[in-house]
1. Consider only pairs whose beta carbons are under 7 Å apart and that are at least six residues apart or on different chains; among these, list those whose first residue lies in region 66-84 and is closer than 14 Å to Ala36 by Cβ and whose second residue is among the small types (Gly, Ala, Ser).
2. For region 50-62, name all the residues that are under 20 Å from the mean Cα position of the chain (by Cα) and either within 18 Å of Met39 (Cα to Cα) or among the basic types (Lys, Arg) (or both).
3. Farther than 22 Å from Ile21 by Cβ, in a helix (DSSP H, G or I) and not polar (S, T, N, Q): which single residue out of Leu80, Leu53 fits that description?
4. Looking only at region 16-40, how many residues end up being of a type in the set (S, T, N, Q) and in a helix (DSSP H, G or I)?
5. Which numbered condition trips up Met39, out of (1) without any contact (Cβ under 8 Å) to a residue 12 or more places away in the chain; (2) surrounded by 15 or more Cβ atoms within 10 Å (Cβ to Cβ)?
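Please treat every number below as a calculation from the coordinates, not as lab data. The structure presented is a predicted model; accordingly, all values stated were derived computationally and were not measured. Note that we place each Cβ from the backbone using ideal geometry, even for glycine, and neighbour counts take in every protein chain shown.
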Amino acid sequence: MNVYDAAHQLARSLIECPEYIEFKRAKESLKQDAQAEKMLKDLRSKQIEVQTLKLTGKPADEAEKMLQNLYNIISHNSLLKRYLEAEERFAVLFSDIQNIIMKGIDLDIDLDK
């Protein structure tokens, strides 16, 4: 099998897997609620802010507290909670697939060594 054909087959398989289907459904539901979309956008912005502060060695305590408050607020929004949980499940699946491919072609990047 041609490597491109295999990649297309993998993409078709991903589209049919339960993790992707649920993620897509949750994403479509989220698009129907402008307030929930804004909350997600705010969460993503705060996540990036915290990561940037940490990477640059600047204090991130206050930004982390604000991020935790956003998580607490979002945990009470069933639409956002469903979306984030579905996103996480699909991200784990996708990461597992990347690891399988990397190990299969001997590109195992072990940072612990």
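1. Asn77/Ala36; Leu79/Ser29; Leu79/Ala36; Leu80/Ala36; Lys81/Ser75; Arg82/Ala26; Tyr83/Ala26
2. Within region 50-62, Val50, Lys54 qualify.
3. On the way: Leu80 fails: farther than 22 Å from Ile21 by Cβ.
Testing whether each residue is farther than 22 Å from Ile21 by Cβ, in a helix (DSSP H, G or I) and not polar (S, T, N, Q) leaves just Leu53.
4. Taking region 16-40 first, the residues of a type in the set (S, T, N, Q) are 29, 32, 35.
Then drop every residue that is not in a helix (DSSP H, G or I), which leaves 29, 35.
Of the residues in region 16-40, 2 are of a type in the set (S, T, N, Q) and in a helix (DSSP H, G or I).
5. Tallying (1) without any contact (Cβ under 8 Å) to a residue 12 or more places away in the chain; (2) surrounded by 15 or more Cβ atoms within 10 Å (Cβ to Cβ), Met39 fails exactly one: (1).
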